[in-house]
1. In the range 315-329, what residues are surrounded by 24 or more Cβ atoms within 10 Å (Cβ to Cβ) and touching a helix residue (DSSP H, G or I) at 6+ places or on another chain (Cβ under 7 Å)?
2. Residues 242, 263: which one is within 18 Å of residue 109 (Cα to Cα) and among the hydrophobic types (A, V, I, L, M, F, W, C)?
3. Please indicate, with yes or no, whether at least one residue in the range 86-98 is at pLDDT 95 or above, in a helix (DSSP H, G or I), surrounded by fewer than 24 Cβ atoms within 10 Å (Cβ to Cβ) and away from the ligand (no atom under 12 Å from the Cβ).
4. Mind listing whichever residues of the range 296-324 are assigned to a helix (DSSP H, G or I) and either outside the structural domain of residue 352 (by TED's automatic domain parsing) or aliphatic (A, V, I, L, M) (or both)?
5. Does residue 70 satisfy the condition of being within 30 Å of residue 239 (Cα to Cα), open to solvent by less than 40 Å² (accessible area, probe 1.4 Å), assigned by TED's automatic domain parsing to the domain that holds residue 247 and at pLDDT 95 or above?
6. Being surrounded by 20 or more Cβ atoms within 10 Å (Cβ to Cβ) and not small (Gly, Ala, Ser) narrows it down to one residue among 59, 41, 52; which is it?
7. Would you pick out the residues in the range 203-227 that are in contact with a strand residue (DSSP E or B) (Cβ under 7 Å, 6 or more places away or on another chain) and among the aliphatic types (A, V, I, L, M)?
8. Failed condition for residue 332, given (1) closer than 30 Å to residue 143 by Cβ; (2) open to solvent by 10 Å² or more (accessible area, probe 1.4 Å); (3) within 25 Å of the chain's Cα centre (by Cα), with all others met?
Amino acid sequence: MITPVMPTYARADLAFEKGEGPYLYAQDGRRFLDFGSGIAVNTLGHSHPHLVAKLTEQVGKLWHTSNLYQMPGQEKLAKRLIENSFADTVFFCNSGAEANEAGIKMLRRYQYVSGHPEKNRILVATNAFHGRTLGTLTAGYSEKYREGFGPMPDGFDRVAFGNLNELRNAITPNTGGIILEPIQGEGGICCAPEGYLEGVRKAADEFGMLVMFDEVQTGIGRTGKLFAYQWSDMEPDIISSAKGLGGGFPIGALLANEKAAAAFTPGMHGTTFGGNQLATAAANAVLDEVLKPGFMDHVLEMSRLIVDGLEVIARKHPGFIEEVRGMGLLLGMKTKPANVDVVAKLREFNLLTVPAGDNVVRIIPPLNITKTHVDEALVAIDAAAAALGK
Ligand SMILES: *Cc1c(COP(=O)(O)O)cnc(C)c1O
């Protein structure tokens with residue numbers, strides 16, 4: 001008999017009833033160190049006092065009015081995202097896939113209003129993940145996720161992630177935009193090679209295309225910058241954000257420069273819930289912390305501690321870790337045993353992680369963890385390595 005909750009996930013046999021900082025407490029009393037952050041969502045861990053205070057305050061005042069009215073919380077959040085990025089303007093929605101759908105529409109409509117309706121094709125990458133709607137599934141790489149759901153939308157051409165020559169060769173008079181993750185998350189924490197993002201920008205400028213980055217997983221301080229593109233020497237035209245933006249409250253955003261956003265005039269795009277008062281209260285509270293001086297240095301310091309610790313474990317248990325990659329606290333440990341077995345074993349040692357493509361175990365803790373938490377996680381990883389890394 002089918003379960004009351006539609007069985008779209010193979011769930012672990014674990015239910016949590018309380019969270020505090022990077023810890024989750026299960027119904028059976030066990031305490032887990034959460035280095036998965038609800039898939040890179042709980043930017044500040046669980047029940048962060050500032051988020052609790054700000055959301056509690058907002059819950060008693062106003063939840064939702066719709067986007068038919070002025071929304072000061074959205075304006076404040078938009079201004080802060082703009083002040084800290086390339087963007088000139090922001091559209092708020094509810095999830096990563098929804099932000100990416102808005103981005104796909106913006107790329108196409110930009111070309112349409114610029115007198116190039118024929119430039120309606122978008123270059124996308126191998127190994128990419130952009131969400132589960134029909135459009136974002138088509139932009140994504142996984143054939144498995146599309147199987148049986150056709151017909152799919154048209155208009156995407158795929159190139160090998162990281163290969164600039166292939167990208168340039170794939171450009172036709174119909175190519176109007178490029179969508180990439182600066183670091184591929186679900187694909188297995190794959191970083192773009194040195195100079196790739198700058199080369200993408202150059203090609204886009206040469207051929208009249210827009211560049212959109214999917215920063216749903218890489219954004220909001222996860223890599224040690226507010227957005228991962230800020231490690232490069234270029235600026236995109238559009239980025240999508242979600243996951244960490246609300247610290248656990250659902251909110252997505254599409255950030256764009258004025259040129260790209262000229263595609264959207266009133267009535268061209270919308271959402272009922274997007275950026276409501278509760279969601280923007282949560283996201284503004286997240287930014288209160290993430291934008292504090294020294295916050296990003298802390299992310300990078302914790303990252304170094306984890307990477308150094310993993311290198312020690314790799315030497316001690318040669319059968320366990322193949323490679324450590326990523327930036328900031330978006331780290332991937334490619335393991336020799338099956339990643340799902342490693343994730344399950346780590347769970348036995350009360351450490352939560354998330355699997356990704358290419359046999360990678362994602363280590364994506366809350367950004368405000370301390371050295372004590374890192375040490376505790378490394379003990380669990382060492383124990384799992386001893387058990388599995390024969
Ligand atoms: C998670 C993710 C998405 C999808 O976000 P949802 O909120 O699940 O729709 C899109 N792109 C990237 C890079 C992601 O990591």
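1. 329
2. 263
3. Checked the range 86-98: no residue is at pLDDT 95 or above, in a helix (DSSP H, G or I), surrounded by fewer than 24 Cβ atoms within 10 Å (Cβ to Cβ) and away from the ligand (no atom under 12 Å from the Cβ).
4. 296, 299, 300, 302, 305, 306, 307, 310, 312, 313, 314
5. no
6. On inspection, the qualifying residue turns out to be 41.
7. Answer for the range 203-227, where residues must be in contact with a strand residue (DSSP E or B) (Cβ under 7 Å, 6 or more places away or on another chain) and among the aliphatic types (A, V, I, L, M): 204, 209, 210, 211, 212, 216, 220.
8. The one condition residue 332 does not meet is (2).
The values are calculated or read from the model by the stated rules, or taken from the named source; none is laboratory data. Note that the structure is a prediction, hence the values are computed from the model and not measured. Every residue, glycine among them, receives a Cβ derived from its backbone with ideal geometry; neighbour counts consider all protein chains shown. Note: accessible area is taken over every heavy atom of the protein model, side chains too, but ligands, DNA and RNA are not part of it. Shrake-Rupley method; radii C 1.70, N 1.55, O 1.52, S 1.80 Å.
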